[in-house]
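Here the structure is laid out as structure tokens; the discussion comes afterwards.
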Amino acid sequence: MARTPSNMLPLGTHAPDFKLLDTVSGDTLSFHQIHSDQGTVVMFICNHCPFVKHVFSGIVELANNYQSKGFGFVAISSNDVENYPDDSPELMAKVAQEESFSFPYLYDETQQVARAYDAACTPDFYIFDKNQKLVYRGQLDDSRPENGIPVTGKDMRSALDSILNHTEISATQKPSIGCNIKWKN
């Protein structure tokens, strides 16, 4: 397994907008439609990466816990589906159903959204505040396939709880580690 770290987009960056196909509903959704007054979580994931598969249940639980507290959630796959057909929109919809995603799973066919977010790996996580400013980027937690650490979402939960409690989010943020985004040639 390749181990690619997050690029760590600068904190304070304004959320890049997008208009992408939701593979589940068939609708085109924008950041502004998903954005919440509490804050918004943007996750770059895919279907086939073992790092993503390892955290599927953790991100579903995180979303279920924090959507009820007013946060918006969205997952985006930007992988080249010609060379990685397991990440096709049809299979994205299937995975979203099988894993009980409570959030849209968008397809970034042109890869422009991944580039705008400076996404490097799957999974790669971003939290934007109510003003659409980046306040957290990096890992879900310290769990990785085969390291024996349970998936808890500790790092992201801490950041989301800080938003809820109006306290400062730690500037010490660890990059996510995962498979590189499969860029088109």
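Worth a mention:
- Cysteines (scope the chain) whose Cβ has no counterpart Cys Cβ under 4.7 Å: Cys46, Cys121
- Calculated FRET efficiency for the pair Asn131/Thr110, C-beta based, R₀ 35 Å, to 0.05: 0.80
- Taking the fewest neighbouring Cβ atoms within 10 Å as the starting point, the ordered list for Met92, Met8 is Met8, Met92.
- Shape analysis of the chain yields a ratio of the Cα radius of gyration to the Kirkwood radius, Rg/Rh, of 0.92.
- Loop-located chymotrypsin sites (Phe, Trp or Tyr not before Pro) in the stretch 113-185 whose Cβ has at most 13 other Cβ within 10 Å (DSSP): Trp183
- For the stretch 90-106, Karplus couplings with θ = phi - 60° (6.51, -1.76, 1.60), whole Hz, Gly/Pro x: 5, 6, 4, 4, 5, 4, 4, 6, 4, 8, 6, 4, 9, 9, x, 10, 9
- Number of Lys-Lys pairs in the chain with C-alpha atoms under 18 Å apart and a separation of 8 or more places or on different chains: 6.
- For the chain, the relative contact order works out to 33 percent when only alpha carbon pairs closer than 8 Å and six or more residues apart are counted.
- In sequence order, calculated HN-Hα J values of the stretch 38-46 (Karplus, 6.51, -1.76, 1.60; Hz; x Gly/Pro): 7, x, 9, 9, 10, 10, 9, 9, 7
- Estimated 222 nm signal from helices in the chain, with DSSP H stretches of n ≥ 4 weighted -39500 (n - 2.57), rounded to 500: -7500 deg cm²/dmol
- Phi to ³J(HN,Hα) by Karplus 6.51 cos²θ - 1.76 cosθ + 1.60 over the stretch 163-177, Hz, x for Gly, Pro: 4, 4, 8, 6, 10, 5, 7, 4, 7, 7, 10, 8, x, 6, 10
- Likely footprinting exposure, Ser68, Ser36, Ser78, fewest C-beta neighbours within 10 Å first: Ser68, Ser36, Ser78
Rule-based calculations on the coordinates, nothing more; no lab input. No experiment lies behind these values; they were computed from the predicted model shown. A quick note on method: Cβ atoms are made from the backbone with ideal geometry, for glycine too, and the neighbour counts reach across all protein chains shown.
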